1. Rounded, prolate or oblate: which one fits the range 50-155, using the alpha carbon gyration tensor with axes a ≥ b ≥ c (rounded when a/c is under 1.5, else prolate when a/b beats b/c, else oblate)?
2. Sort 255-262, 203-210 for me by packing, meaning the mean count of neighbouring Cβ atoms within 10 Å per residue, highest on top.
3. Within 10 Å, count the other beta carbons around each residue, average over each peptide in 294-307, 70-83, 88-101, and list them highest first.
4. Near the amide H of PHE283, under 5 Å away, which other amide H atoms are found, from residues 5 or more places off or on another chain, if H is placed in the peptide plane?
5. When MET62, MET228 are ordered from fewest to most other Cβ atoms inside 10 Å of their Cβ, what list results?
6. Can you check what the net charge comes to around ILE335, using other residues whose Cβ is under 10 Å from the Cβ of ILE335 (Lys, Arg +1; Asp, Glu -1)?
7. Cβ neighbours within 10 Å, averaged per peptide: list 183-194, 27-38 in order, most packed at the top.
8. About its Cα centre, how strong a charge dipole does the chain have in debye, to the nearest 20, once Lys and Arg get +1 and Asp and Glu get -1 at the Cβ?
Amino acid sequence: MNNNINITRTSMPPYEEYIEMIKPLWESHWLTNMGVYHQELENNLKKYLGVQYISLMTNGHMALELAIQAMHLKGEVITTPFTFVSTTHAIIRNGLKPIFCDIDPVTYTIDTKKIESLITEKTSAIIPVHVYGQVCNIEAIETIAQKYNLKVIYDAAHTFGETYKGKAVSNFGDASVLSFHATKVYNTIEGGAVIFHHSEYGEELYRLKNFGIRSQILIDGVGSNAKMDEFRAIMGICNLKYIDYEIVKRKAIYQCYIENLVNIPGIKYLDIQEDVKSNYAYFPVEFDSEILGFDRECVLEWLMEDGVYARRYFYPLITKTDCYKALYDKGFTPIAEKVSSNILALPIYADLPFDIVKRICNVIRGKING
Ligand SMILES: *Cc1c(COP(=O)(O)O)cnc(C)c1O
């Protein structure tokens, strides 16, 4: 144990509650392969999110890979470079070519004004990301997708519990993908899900997450193994009971940050968007070194000296990673490059003490004007 403050701290249900709920597994000996708790969590999530179809997966990344695979896409996919590397890996691992579109400087989501110029006869889909839970320009993306007959798969890993115009943010697009990783707002330890609108697509997902097996003797496609087990499904059932309360507590942390960082020239944080109920998943701050006289790296360092571990989400930019820079670092996404160099995600989680938030803000404020 140490007293360092990390960017997040995993939410866990009361110990006794979880232990009580896993006891029946010692009777049934049914630990995975779409058991009763898998079913129960899918039902609970459908109800909570207000969605018609959901398919649980072993993690968010496999949910993304299989959501793409089940769509039978070809050629090129327009996406954002300002995301967790999982988004791009999932596209590449499906044999598709990512075409990187720059981001909006206010929301950091894909700049919909720049999508159309990237569309070619090879384009088959748009894969945007609701980064930090900032909702993409859903209407504009829908209009473009209809005009060019493209599929839309949202990486909605950051949006659990969020609504846009009263609907779950993960309910938009042909499919949306959620992550239930331990570091996310809602967790099943590791886990994820695909939300979609057609039962045939759901059958395809089910087949893909279970080795391509359609029935005991019919295996007619190349599948993977992406099933969620019963222990994690139970973790999810328990955590779901507390999620609304967790988000309320996160909101208070967000407000505390705002109160202490408001009106500082050179410091930009995200506002809550119109028509959006936020989940307060992240608190990213952009530091403009020309105005402040110090940069993001300095802030990271100063906070670390104080035992606070902020994170450079998302840095390096996907197009600058060793994995992709030879292929994609063409400098076509200058705004994403700038944001990636200047941004620092500060700690935020339900039980983060307010005096820590104030301490973090004081470290930053203390360096301003000398
Ligand atoms: C966390 C995350 C993923 C991957 O989810 P896992 O559950 O960790 O596999 C994908 N995309 C984004 C934007 C994420 O933040």
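1. Here the range 50-155 falls in the rounded category.
2. On the way: 255-262: 16.1, 203-210: 20.5.
The packing order, highest mean first, is 203-210, 255-262.
3. Highest to lowest by the protection proxy: 70-83, 88-101, 294-307.
4. So PHE283 has HN proximity to LEU346.
5. Details: MET62 25, MET228 31.
The most exposed by this proxy come first: MET62, MET228.
6. That sum, taken over residues with Cβ under 10 Å, equals -2.
7. Top of the packing list down: 183-194, 27-38.
8. Result for the chain is approximately 220 debye, rounded to the nearest 20.
A short reminder: the numbers here are calculations on the coordinates, not readings from a lab. Keep in mind that this is a model prediction, so the values were computed, not measured. Here Cβ is always computed from backbone atoms with ideal geometry, including for glycine, and neighbour counts include all displayed protein chains.
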